[in-house]
Each structure stands twice: as C-alpha cells, then as structure tokens.
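First the structure, in the form of structure tokens, and then the observations on it.
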Amino acid sequence: MMIITCSDSVMAECSSALLVPEIAEQEPGYIKALTSSSAAASKHEFHALAQMAYYQHQDDEIEVRPLTGLCRIRRGNDAEVLESGLIIYRSVDGTIHIASHQGVNSKKLLEAANRYCTRWVRLDI
C-alpha cells in the first residue's frame with residue numbers, strides 16, 4: 001500500500017494514485033502514475049481511475065477533498081511530492097477519491113489526467 005501525507009499528517013492509504021501537478025494543465029507530461037502493484041494492466045487501471053474521477057466530478061457524485069501544504073505519496077522507501085495540484089487515488093477498499101490544493105482548477109486537471117491516460121492506453125492499440 002501507499003500512504004498519502006499532507007503537511008506531515010497521514011491523509012489516506014491507497015493502492016493507486018495519479019499525481020496531477022498544476023503545470024499539467026498546459027503540459028500533461030508532468031502527470032505521475034503510482035501503484036502498489038506492477039501488473040501489466042496498470043495503465044488500464046489508471047485510465048479507469050482518471051475517467052471515473054472525471055465523470056463522477058462532472059456529475060457531482062464525488063467530493064473534492066482539500067489539500068494543505070506539501071503532499072507526499074510514499075511507496076516503500078520511495079516518495080513523490082506534490083506542491084500544488086490534484087491527486088486522484090483509489091483507497092484500499094476500492095473507492096475513488098479526489099483531493100486538490102486550494103486555488104487550482106480541479107476540472108481542468110481532471111480533464112488533463114483523463115486525456116493523458118486515454119492517450120497512454122491508445123498507444124498500445
């Protein structure tokens with residue numbers, strides 16, 4: 001499992017996550033996909049994660065949790081850092097969550113993540 005911390009307090013445990021920094025609105029190459037497994041189907045998992053978060057947000061079916069301060073996602077001894085942006089993650093029980101720093105355009109970042117993951121999957125088709 002991976003652990004998300006913000007401002008040095010644990011926010012959640014998750015099995016997969018997409019880190020979408022604010023700059024991804026203009027340049028999607030900065031999006032990072034993290035998973036606790038290394039299965040060959042992981043890119044399809046990320047595509048489903050991004051797509052479901054985007055659609056649920058559009059339909060007001062999911063709440064965007066606020067992020068404060070520097071956020072880290074720890075996976076074993078490795079950690080990724082998000083200073084400003086959005087995290088889409090699947091909790092241990094399979095529920096999709098969205099968390100965003102104040103002042104970022106969550107809708108645009110969700111669109112960027114969805115497009116990025118869609119193109120990533122299509123590269124293999």
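The values are calculated or read from the model by the stated rules, or taken from the named source; none is laboratory data. Just so you know, these numbers come straight off a predicted model, no measurement behind them. So basically every Cβ, Gly included, is an ideal-geometry build from the backbone, and we count neighbours across all protein chains shown. Please note that ligands, DNA and RNA were not included when accessible areas were found on the heavy atoms of the full protein model with its side chains. Shrake-Rupley method; radii C 1.70, N 1.55, O 1.52, S 1.80 Å.
Below, the figures for the structure above:
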read-out	value
Pair list, Cβ < 6 Å and 6+ apart or interchain, from the stretch 54-78 residues that are in a strand (DSSP E or B) to residues that are charged (D, E, K, R)	ILE73/GLU80
Where VAL81 falls short, out of the listed (1) touching a Leu at 6+ places or on another chain (Cβ under 8 Å); (2) closer than 15 Å to MET2 by Cα; (3) surrounded by 13 or more Cβ atoms within 10 Å (Cβ to Cβ); (4) of a type outside the set (Gly, Ala, Ser)	(3)
Single condition LEU67 does not satisfy, out of (1) crowded, with 16+ Cβ neighbours inside 10 Å; (2) modelled with pLDDT under 95; (3) farther than 19 Å from CYS6 by Cα	(3)
Condition met for VAL81 (part of a strand (DSSP E or B), farther than 20 Å from LEU109 by Cβ and either among the β-branched types (Val, Ile, Thr) or modelled with pLDDT of 95 or more (or both))	no
Selection count, the stretch 44-75, where residues are over 13 Å from the mean Cα position of the chain (by Cα) and not hydroxyl-bearing (Ser, Thr, Tyr)	14
Hits in the stretch 39-60 - residues which are more than 20 Å from ARG119 (Cα to Cα) and either modelled with pLDDT under 90 or in contact with a Phe, Trp or Tyr (Cβ under 8 Å, 6 or more places away or on another chain) (or both)	none
Tally, over the stretch 21-76, of residues that are touching a Leu at 6+ places or on another chain (Cβ under 9 Å), over 18 Å from VAL104 (Cα atoms) and of a type in the set (A, V, I, L, M)	4
Of residues in the stretch 95-120 being free of Cβ contacts under 8 Å to residues at least 40 places away in the same chain and part of a loop (DSSP other than H, G, I, E, B), the one most open to solvent (accessible area, probe 1.4 Å)	GLN102
Hits in the stretch 34-53 - residues which are hydroxyl-bearing (Ser, Thr, Tyr) and either assigned to a loop (DSSP other than H, G, I, E, B) or open to solvent by 60 Å² or more (accessible area, probe 1.4 Å) (or both)	SER36, SER37, SER38
Residue that is least open to solvent (accessible area, probe 1.4 Å), among those in the stretch 1-33 that are among the β-branched types (Val, Ile, Thr) and over 20 Å from GLY103 (Cβ atoms)	THR5
